Amino acid sequence: MILELDTVSKNFEMHVLDGRTVPGLSEVSFGVAEGEFVAIFGESGSGKSSLLKCINRTYEPTGGRIQLQTEDGAVDLASCGDREVLALRDQDIGYASQFLTEIPRVPAVDVVARPLWEQGADRAEARSQARTLLSALQLPESLWDAYPATFSGGERQRINFARAVAPQPRVLLLDEPTSALDPETRECALTLLDEYLDPATTVLGVFHNRAVVERVADRVVVLDDAELQRVVDIETYQSENPA
């Protein structure tokens, strides 16, 4: 397994509710094999995004272990230091949140190229690769040198998606990466996952669209009310949830 979660929990202290503790995840455990595509499915508020954020260490888990197998050995993402987390994000982990947050007045092509620069790629080659990705996602060429702050939600989502896949990370985390895309552009994004990523890339993606889940997933992790309900292969999921 490239990634193993062992009783991962995340609690939130709600200061506006007199310090009440609200569970975001409750002792979630499962493993992911290298090259596997795992879809995380569940109702709104079930803990899907919290799970990805714990793996990315945007959230620090309240308890449990998240063991990532790197080229240098196993690392517990739940407890390792911040510097190690940042290094892993540069070399091993890609993450696309639902919303694009970027430095103002940075052209879209440079937003996508930046992860490649940070890995030491030549700037001209990185920008060329970024243009290829933006073209594959049908972002108009007229916008490549424009600032994403002026773009629509769907355009920003495409940039966010391209930025996450650009460095071909070993583990790719996708939080509703196609929610703002029309069907044609959504298919372009899914095709890019098939054709651009290394076959050994491991993907965990949060989705609401069942057709997308059935299109991309090897297995499905089902969450409900912060708890893991089941982990099933896609064939079992389809048989349990007929259209």
Handout entry: Only one of Leu25, Leu86, Leu68 that is in a strand (DSSP E or B) and more than 19 Å from Glu227 (Cα to Cα)
Key = Leu68
Exercise for the section: Check off (1) of a type in the set (A, V, I, L, M, F, W, C); (2) touching a strand residue (DSSP E or B) at 6+ places or on another chain (Cβ under 6 Å); (3) open to solvent by 20 Å² or more (accessible area, probe 1.4 Å); (4) part of a helix (DSSP H, G or I) for Phe12 and give me the number that stays unchecked. Expected result: (4)
Completion exercise
Conditions (1) open to solvent by 40 Å² or more (accessible area, probe 1.4 Å); (2) part of a strand (DSSP E or B); (3) not β-branched (Val, Ile, Thr) -> Gly94 fails only (1)
Exercise for the section: Output yes when any residue across the range 50-70 is touching a residue at least 12 places away in the same chain (Cβ under 8 Å), open to solvent by 20 Å² or more (accessible area, probe 1.4 Å), of a type in the set (Phe, Trp, Tyr) and under 21 Å from Ile159 (Cα atoms), and no when none is. Expected result: no
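Pull up the range 164-177, narrow it to residues that are open to solvent by 10 Å² or more (accessible area, probe 1.4 Å) and out of contact with any Gly (no Cβ under 7 Å at 6 or more places or on another chain), then point me to the one that is farthest from Cys54 (Cα to Cα). Working first, answer last.
If we filter the range 164-177 for residues that are open to solvent by 10 Å² or more (accessible area, probe 1.4 Å), which is where we start, we get 167-168, 170, 176.
In the following step, the residues that additionally are out of contact with any Gly (no Cβ under 7 Å at 6 or more places or on another chain) were identified as 168, 170, 176.
Values: Gln168: 21, Arg170: 17, Glu176: 16 Å.
So the residue we want is Gln168.
What is the residue count in the range 104-141 for residues that are open to solvent by less than 10 Å² (accessible area, probe 1.4 Å) and without any contact (Cβ under 8 Å) to a residue 60 or more places away in the chain?
Taking the range 104-141 as the starting set, the residues that turn out to be open to solvent by less than 10 Å² (accessible area, probe 1.4 Å) are 108-109, 111-113, 126, 130, 133-134, 137, 139.
Within this subset, residues satisfying the condition of being without any contact (Cβ under 8 Å) to a residue 60 or more places away in the chain are 108-109, 111-113, 126, 130, 134, 137, 139.
The qualifying residues number 10.
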Practice task
For the range 131-140, indicate whether the set of residues that are closer than 13 Å to Gly94 by Cβ and more than 15 Å from the chain's Cα centre (by Cα) is non-empty.
Solution key: yes
Handout entry: Condition met for Ala146 (open to solvent by less than 60 Å² (accessible area, probe 1.4 Å) and farther than 25 Å from Ser49 by Cα)
Key = yes
Exercise for the section: Give the residue that is farthest from Arg170 (Cα to Cα), with candidates limited to residues of the range 20-49 that are open to solvent by 30 Å² or more (accessible area, probe 1.4 Å) and either free of Cβ contacts under 8 Å to residues at least 60 places away in the same chain or out of contact with any strand residue (DSSP E or B) (no Cβ under 7 Å at 6 or more places or on another chain) (or both). Expected result: Arg20
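In the range 141-156, which residue that is part of a helix (DSSP H, G or I) and touching a Pro at 6+ places or on another chain (Cβ under 7 Å) is modelled with the lowest pLDDT?
Taking the range 141-156 as the starting set, the residues that turn out to be part of a helix (DSSP H, G or I) are 141-143, 148-150, 153-156.
Okay, now just the ones that are also touching a Pro at 6+ places or on another chain (Cβ under 7 Å), so 149, 156.
Details: Ala149: 82, Arg156: 89.
Checking each candidate, the answer is Ala149.
I'm trying to understand the selection: among the residues of the range 58-90, which are of a type in the set (D, E, K, R) and touching a strand residue (DSSP E or B) at 6+ places or on another chain (Cβ under 9 Å)?
Restricting attention to the range 58-90, the residues satisfying the condition of being of a type in the set (D, E, K, R) are 60, 65, 71-72, 76, 82-84, 89-90.
Correct list: Glu60, Arg65, Asp76, Glu84, Arg89.
Answer yes if at least one residue in the range 177-197 is under 9 Å from the mean Cα position of the chain (by Cα), in contact (Cβ under 8 Å) with a residue 12 or more places away in the chain and under 26 Å from Gly45 (Cα atoms), and no otherwise.
So the first thing to find is which residues in the range 177-197 are under 9 Å from the mean Cα position of the chain (by Cα), and the list is 177.
Checking which are in contact (Cβ under 8 Å) with a residue 12 or more places away in the chain leaves us with 177.
Checking which are under 26 Å from Gly45 (Cα atoms) leaves us with 177.
Yes, there is a match, as at least one residue in the range 177-197 is under 9 Å from the mean Cα position of the chain (by Cα), in contact (Cβ under 8 Å) with a residue 12 or more places away in the chain and under 26 Å from Gly45 (Cα atoms).
Evaluate the range 123-140: report whether one residue or more is of a type in the set (D, E, K, R), in a loop (DSSP other than H, G, I, E, B) and more than 26 Å from Glu184 (Cα to Cα). Break it down into steps so the answer makes sense when it comes.
First, the residues of the range 123-140 that are of a type in the set (D, E, K, R): 123, 125, 127, 131.
Now narrow it down to the ones that are in a loop (DSSP other than H, G, I, E, B): none.
No, there is no match, as no residue in the range 123-140 is of a type in the set (D, E, K, R), in a loop (DSSP other than H, G, I, E, B) and more than 26 Å from Glu184 (Cα to Cα).
The values are calculated or read from the model by the stated rules, or taken from the named source; none is laboratory data. Small disclaimer: the values here were computed from a predicted structure and weren't measured. Glycine gets a Cβ as well: all are built from the backbone with ideal geometry, and neighbour counts include every protein chain shown. SASA here: full protein model, heavy atoms, side chains in, ligands and nucleic acids out. Shrake-Rupley method; radii C 1.70, N 1.55, O 1.52, S 1.80 Å.
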